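Working notes, beginning with the structure itself.
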Amino acid sequence: MTSITRKLGLVENLFEILHDLGAMIDVNVVRISGLLTADILQQALDFVQKRHPMLQVHIVELADGVYFQSEGTTKIPLRVIEKQNENHCLEIAEEELHQRFSRNLEPLCRVTFLRSPISNDISEII
C-alpha cells in the first residue's frame, strides 16, 4: 500500500475537535450466535483493515495542522473478555463511550470481543 499523509479537511477537523471534547465516539454492539473464536475475528479484522484506507491511518498533530497518516499504523486492537452476565456488553459499551482515541500509532477503530463461556451461546462484538 502507498503511504498516506493527508491534512484533515474542514469537517474532519470539526470531528477531531468534538472528539477531543468527548463527543463523536460511535459504539456498535453486534450479537453473534454460535461459535466464534478470537483468532477468526482477528483474521477478519486484519482483512477488513487491509481493504479500507480509513482503517489504515492514525491521526498525528504536526506544526501546521492535524493529519491522517498511514506509516506505522498498528493493527486494529482486539480485546477479548469472558462474558460475565447478560448485561456485560452494555457495561463495556459504556466504557468505550468514554475512552478517546489517542494520537499515537493506533487506528481509529478498536474492537472488544465478549466471548461466551458456552461455545454455542451468544457472544458480542463491540
Subject >> Number of the condition not met by Leu90 [criteria: (1) farther than 25 Å from Leu21 by Cα; (2) open to solvent by 70 Å² or more (accessible area, probe 1.4 Å); (3) modelled with pLDDT of 90 or more] >> reply: (1)
Original post:
Quick one: would you say Leu45 is of a type in the set (A, V, I, L, M), within 14 Å of the chain's Cα centre (by Cα) and over 22 Å from Glu12 (Cα atoms)?
Top reply: yes
Subject >> Lone unmet requirement of (1) out of contact with any Lys or Arg (no Cβ under 7 Å at 6 or more places or on another chain); (2) free of Cβ contacts under 8 Å to residues at least 40 places away in the same chain; (3) not in a helix (DSSP H, G or I) for Glu95 >> reply: (3)
Subject >> Residues of the stretch 96-126 satisfying the condition of being of a type outside the set (S, T, N, Q) and more than 13 Å from the chain's Cα centre (by Cα) >> reply: His98, Arg103, Leu114, Arg115, Pro117, Ile118, Asp121, Ile122, Glu124
Original post:
Could you give every pair whose Cβ atoms fall below 8 Å, whose first residue belongs to the stretch 14-29 and is polar (S, T, N, Q), and whose second residue is modelled with pLDDT of 85 or more, counting only separations of at least 6 or pairs across chains?
Top reply: Asn28/Ile126
Subject >> Those residues of the stretch 93-107 which are touching a helix residue (DSSP H, G or I) at 6+ places or on another chain (Cβ under 9 Å) and at pLDDT 90 or above, in sequence order >> reply: Pro107
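The values are calculated or read from the model by the stated rules, or taken from the named source; none is laboratory data. What you see is a predicted model, and the numbers here were worked out from it, not measured in a lab. So basically every Cβ, Gly included, is an ideal-geometry build from the backbone, and we count neighbours across all protein chains shown. SASA here: full protein model, heavy atoms, side chains in, ligands and nucleic acids out. Shrake-Rupley method; radii C 1.70, N 1.55, O 1.52, S 1.80 Å.
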